[in-house]
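Here's the structure, in structure tokens; my notes come after.
Here, each number is a calculation from the coordinates, and none is a lab measurement. Only a predicted model underlies this, so the values are computations on that prediction, with no experimental measurement involved. Cβ coordinates were reconstructed from backbone atoms using ideal geometry, including for glycine residues, and neighbour counts include every protein chain displayed.
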Amino acid sequence: MSSAAVFLFLATFLACAVEAVEATTVVVAAGVTRGWRSSLQGVAAGIAVLAVIVAALGPAIASIPLSPLRLVVGALLLVFGLGWLRKAILRASGHKSLHDEDLLYKKHLEAARSAGGAPRHGIVHDGYAFTLACKAVVLEGLEVAFIVVTFGANAHDLPLAAIAAAAAIAVVVAIAFAVKGPLAKVPENTIKFVVGILLTSFGTFWGAEGAGARWPGSDASLAGLIPLVALFAVCAVGVLRGRRSEPAASAPTPAEAVA
Amino acid sequence: MSTAWRLVRAFGLFWWDFIVGDDYTMAIAVVVGLGAVAALHAVKVTSWWSLPVIWAVAVAWSLRRATGPKPAGPEPAGPKP
């Protein structure tokens with residue numbers, strides 16, 4: 001293998017791995033917190049949409065404007081992530097019940113049943129998980145296809161670029177499967193807290209990029225953005241616990257609440 | 001209620017619930033934040049910082065509203081719970 005081919009493989013592998021990590025993070029987050037069935041259905045739907053787009057456009061895929069897609073997906077992720085983060089902060093600071101969502105879900109289910117609405121137990125059980133996973137896969141999958149086409153075309157070796165992309169996705173998915181088991185042992189509220197931070201971070205990143213911003217360091221800025229969002233959330237929990245007027249005997253400690 | 005209308009209503013409710021949720025201020029913050037990024041970008045000013053700043057202010061305000069003292073009003077009639 002020539003040095004140009006090695007460079008093409010490594011550059012494509014790393015670029016696609018970054019995109020795959022972003023998509024996988026959202027899918028795992030949706031799967032762990034909302035359930036794997038709907039999340040994996042979202043992944044399957046996203047892959048099907050991608051396959052149709054790639055088959056229909058072929059190399060012309062490089063001309064798809066990614067900014068509007070980033071804007072829409074980023075905005076939706078951010079608005080969803082902020083909602084989760086807000087609830088997670090309220091729970092961790094003792095201002096909200098730790099397990100109110102099951103109750104809320106049952107209430108909505110009862111309301112839908114009493115209104116004679118469509119039953120929720122269709123093919124897709126959880127529209128949130130399905131939509132989140134599907135959007136992440138379509139957006140990041142298009143970016144992977146874009147990378148393969150541009151890197152491969154520039155180096156006149158599209159098959160090698162495609163192999164590198166497939167290898168990157170396989171490695172990232174294998175790692176995700178490996179951490180899936182240990183993640184299931186993490187307390188539910190810790191997961192929800194972390195997912196709120198991740199969705200908010202990714203939504204901020206993609207949304208701002210879609211609106212025209214250029215992040216310092218490009219994708220690497222996520223490594224700074226995620227800890228900053230986490231710091232904001234932890235500080236908010238600290239401040240709210242300080243403001244809590246009721247005796248804290250029945251409330252969990254910050255560590256217990258997040259955990 | 002026809003099946004088509006029920007489907008349209010369920011679709012609309014799903015997206016309303018997905019986007020607005022239980023606190024509309026988050027959706028407003030995202031729209032304002034993305035608008036600020038686009039506006040700053042249009043006048044060639046570094047814009048990436050504006051979105052996180054705007055949502056952080058909105059979340060702080062929303063949390064304060066959710067946990068702060070309730071506005072004073074007339075005492076409700078009847079026995080206290």
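Count charges around A:A75 for me, please; just the other residues with Cβ under 14 Å from its Cβ, Lys/Arg as +1, Asp/Glu as -1.
+1
If I model a spin label at B:I28 and B:L7 as a point 7 Å from the Cα along the Cα→Cβ vector, what separation in nanometres do I get?
Rounded to a tenth, the inter-label distance reads 3.6 nm.
Ranked by Cβ crowding within 10 angstrom, fewest neighbours first, how are A:C235, A:C134 ordered?
Exposure proxy ranking, most exposed first: A:C235, A:C134.
With all pairs of different alpha carbon atoms counted, what Kirkwood hydrodynamic radius in Å does the range A:1-96 show?
Answer for the range A:1-96: a Kirkwood hydrodynamic radius of 16.5 Å.
With the crude spin-label approximation of a point 7 Å out along Cα→Cβ, what separation in nm comes out for A:A51 versus B:A42?
4.2 nm
Ordered by residue, what ³J(HN,Hα) values in Hz, to whole numbers, does the range B:29-36 give under the Karplus form 6.51 cos²θ - 1.76 cosθ + 1.60, where θ = phi - 60° and Gly and Pro are x?
Per-residue couplings from phi come out as 4, 5, 5, 5, x, 5, x, 5 Hz.
What does the charge count around B:D23 come to, taking other residues whose C-beta lies under 13 Å from its C-beta (Lys +1, Arg +1, Asp -1, Glu -1)?
Local charge sum for B:D23: +3.
Expressed as a whole number of Å, what is the distance separating the alpha-carbon centroids of the range A:6-61 and the range A:202-224?
So the separation of the two Cα centres works out to 18 Å.
Can you put A:I197, A:I47 in order of Cβ neighbours within 10 angstrom, beginning with the fewest?
A:I47, A:I197
Tell me, what is the FRET efficiency for B:D17 and A:D219 to the nearest 0.05, using R0 = 30 angstrom and their Cβ-Cβ distance as r?
So the FRET efficiency works out to roughly 0.45.
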